[in-house]
There are 2 protein chains.
Amino acid sequence: MKEIQSTKNTVIKETKKLQQKKYRQQTQTYLLEGFHLIQEAKAANVLLKEVFINQRGLNEWTEWIEENLEEYYLVSDEVLKTLASQPTPQGIIAVAEMPKEDTADFTGAWLLLDNVQDPGNVGTMIRTADAAGFSGVILGQGSADLYNPKTLRSTQGSLYHLSVNAGDLAEIIPQFQQTDSPVLGTALDKTAKDYLSVEKMSDFALVMGNEGQGISPELLAMTDQNLYIPIKGQAESLNVAIAAGVLMFHLLK
Amino acid sequence: MKEIQSTKNTVIKETKKLQQKKYRQQTQTYLLEGFHLIQEAKAANVLLKEVFINQRGLNEWTEWIEENLEEYYLVSDEVLKTLASQPTPQGIIAVAEMPKEDTADFTGAWLLLDNVQDPGNVGTMIRTADAAGFSGVILGQGSADLYNPKTLRSTQGSLYHLSVNAGDLAEIIPQFQQTDSPVLGTALDKTAKDYLSVEKMSDFALVMGNEGQGISPELLAMTDQNLYIPIKGQAESLNVAIAAGVLMFHLLK
């Protein structure tokens with residue numbers, strides 16, 4: 001155990017750079033905040049390259065720390081705050097290693113996100129996909145970064161329970177179709193089919209689109225079937241994560 | 001049209017107080033930000049007591065403003081910013097009047113929120129209840145304030161489409177039961193019933209609980225039936241707004 005009191009320490013200055021996506025990509029590492037996410041990461045054998053804990057965190061989680069961490073930094077509250085994305089951080093922040101590219105086979109149910117921009121929505125959809133029994137999530141172009149602190153927080157650790165990859169959906173959709181997994185889009189127009197009239201399935205891909213614009217016309221034209229959720233009240237639309245939740249729980253056998 | 005350039009102007013200083021719940025309750029008014037919400041309020045005949053617009057907003061929405069507003073303040077960007085909850089506000093903010101207490105009859109489907117604390121969750125659930133065809137939402141004790149800017153934003157205007165009231169759920173649940181509307185709780189324990197085994201209904205109340213603790217034991221004991229959503233993956237739970245969405249769309253006939 002080493003101690004760091006100053007936010008000007010080189011290790012802290014370097015670590016703080018991971019708040020930017022550019023540095024996360026360069027180093028293939030990211031910041032993980034709070035005990036719950038760090039426990040989940042550890043349980044999934046994610047490599048934690050550095051761990052920063054303040055005195056309060058150390059007192060509260062002594063046992064877990066002793067059993068799970070070989071090395072860590074004891075840092076001042078100020079140091080922890082400078083690394084954290086939230087004004088009142090929990091007592092622990094780690095630098096975690098991104099997984100190697102996953103060579104997933106596309107069996108089971110998959111959620112494909114086209115340009116879903118809000119990190120909270122993306123994280124919540126990963127959490128919901130996990131709970132619904134999906135095999136994986138693919139973050140298409142324009143979607144929020146998985147390693148954004150708000151995305152990570154919203155997943156509640158589900159990113160460690162199923163396959164989550166970034167990819168170009170225009171290339172990935174045909175791969176599903178080659179394996180006879182239907183690709184279902186979501187649309188608000190009249191050519192789409194009421195989701196309730198679709199039978200439950202085991203192997204398929206569900207595409208959800210941008211919060212304002214929905215799925216891009218180009219991808220919408222590639223799907224096998226487009227679905228809609230009938231809206232009964234006066235709401236113009238559903239939040240994309242809610243729509244995804246309703247569809248995922250309805251569709252998966 | 002009057003102009004206000006300074007954030008020290010008395011009208012602005014008074015209006016800014018509405019960022020606090022205490023002043024909203026005293027005056028029975030609240031701040032409404034952005035064109036979409038203000039249009040929805042106007043369409044629902046909500047009284048807008050004051051409207052503040054900057055030059056950009058005025059240029060962009062000239063026609064709507066001329067047709068809908070008798071009076072408004074043209075304000076500097078700085079003034080608009082001091083009233084807004086977001087760092088880059090849209091060009092318009094209004095002071096709106098709260099509705100009188102609603103003497104709702106409890107027919108149809110109702111969503112009851114017990115201590116749901118996140119404003120985004122509460123707002124999203126109101127929006128989803130609207131889309132699912134629910135008659136109203138009751139915000140029980142401890143739930144986020146409807147007039148918190150984040151709640152309002154997340155409703156996307158749905159608060160003007162159905163009945164939304166605050167109330168004591170321990171008093172309200174028996175009122176539903178007196179009219180033969182079953183009250184359905186949500187629980188994670190084994191005594192609860194799989195939601196898929198429940199028939200669709202027209203008149204009922206669905207209670208959703210706190211993000212961490214769920215429904216309070218006291219209310220859980222008052223319900224007619226408690227439901228759960230089977231979780232297939234490794235997620236510990238669903239986000240409360242997602243769970244509410246899945247249940248509302250499944251249950252309402």
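The numbers here are math on the coordinates, done by the rules we state, and not lab data. Note that the structure is predicted; figures quoted are calculated from it, not measured. Neighbour counts are summed over all protein chains in view; Cβ atoms, including those assigned to glycine, are modelled from backbone coordinates with ideal geometry.
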Top of B:N210, B:N59, B:N148 by mean-square fluctuation, Gaussian network on chain B, Cα under 10 Å
B:N59
Using the Cα centre of region B:1-114 as origin and beta-carbon charges of +1 (Lys, Arg) and -1 (Asp, Glu), tell me which of B:A44, B:W64, B:S76 is placed farthest towards the positive end of the dipole.
B:S76
Work out from phi, with θ = phi - 60° and the Karplus expression 6.51 cos²θ - 1.76 cosθ + 1.60, the ³J(HN,Hα) of each residue of region B:193-210, listed in order in whole Hz, and give x for Gly and Pro.
9, 4, 4, 5, 8, 9, 5, 5, 9, 9, 10, 6, 10, 10, 9, 10, x, 4
So if I place +1 on the C-beta of Lys and Arg and -1 on the C-beta of Asp and Glu, and nothing else carries charge, what would the dipole magnitude of the protein assembly as shown be about its Cα centre? I want it in debye, nearest 20.
980
With one decimal in nm and the nearest listed first, the spacings from B:K16 to its own position in the other copies, using label points 7 Å along Cα-to-Cβ, are 3.0
Rounded to whole Hz, the Karplus (6.51, -1.76, 1.60) HN-Hα couplings of region A:69-78, x for glycine and proline
10, 7, 9, 7, 9, 8, 10, 6, 4, 5
Expressed as a whole percent, how much of the Cα-Cα distance distribution for chain B exceeds 25 Å?
47
Regarding the protein assembly as shown, what is the average projected area of its C-alpha convex hull, in nm²?
26.3
Per the helix-only model, chain A has a calculated mean residue ellipticity at 222 nm (DSSP H runs of ≥4, -39500 (n - 2.57) each, divided over all residues, rounded to the nearest 500) of -9500 deg cm²/dmol
Placing one equal point scatterer on each C-alpha of region A:109-251 and summing with Debye, one gets log10 I(q)/I(0) at q = 0.14, 0.21 Å⁻¹ equal to -0.58, -1.38
Under a 5 Å amide H to amide H cut-off, with H placed in plane at 1.01 Å, what residues pair with B:N148 once short-range neighbours are removed?
none
Built amide H within the under 5 Å cut-off of A:L111, gap 5+:
A:G136, A:V137, A:I138, A:L206
Which angle between 0 and 90 degrees, to the nearest 10, do you get for helix A:169-178 versus the longest principal axis of chain A when only C-alpha atoms count?
60
Under DSSP loop assignment and at most 11 Cβ neighbours within 10 Å, longest GluC sites (Glu not before Pro)-free interval of chain B:
B:102-198
Based on alpha-carbon centroids, what's the gap between region A:146-182 and region A:52-129 in Å, whole number please?
18
Treating the angle as unsigned and between 0 and 90°, give the value, to the nearest 10°, between the Cα long axis of helix A:240-251 and the longest Cα principal axis of chain A.
60
Check: region A:51-180 dipole with +1 on Lys, Arg Cβ and -1 on Asp, Glu Cβ, in debye
460
Amide hydrogen neighbours beyond the local backbone of A:N226, cut-off 5 Å, H modeled:
A:G185, A:K193
Using only the Cα atoms, what convex hull volume per residue in Å³ does region B:2-97 have?
91
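Using the Cα centre of chain B as the reference point, and only Cβ charges (+1 on K/R, -1 on D/E), how large is the resulting charge dipole? Debye, rounded to the nearest 20.
That gives chain B a dipole magnitude of about 620 debye.
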How large is ³J(HN,Hα) for each residue in region B:12-29, as worked out from phi by the Karplus curve 6.51 cos²θ - 1.76 cosθ + 1.60 (θ = phi - 60°), to whole Hz, x for Gly and Pro?
5, 4, 5, 5, 4, 4, 5, 5, 9, 4, 3, 6, 4, 6, 4, 9, 6, 9
Quick one: helix A:119-132 against the long Cα principal axis of chain A, what's the angle to the nearest 10°, folded into 0 to 90?
70
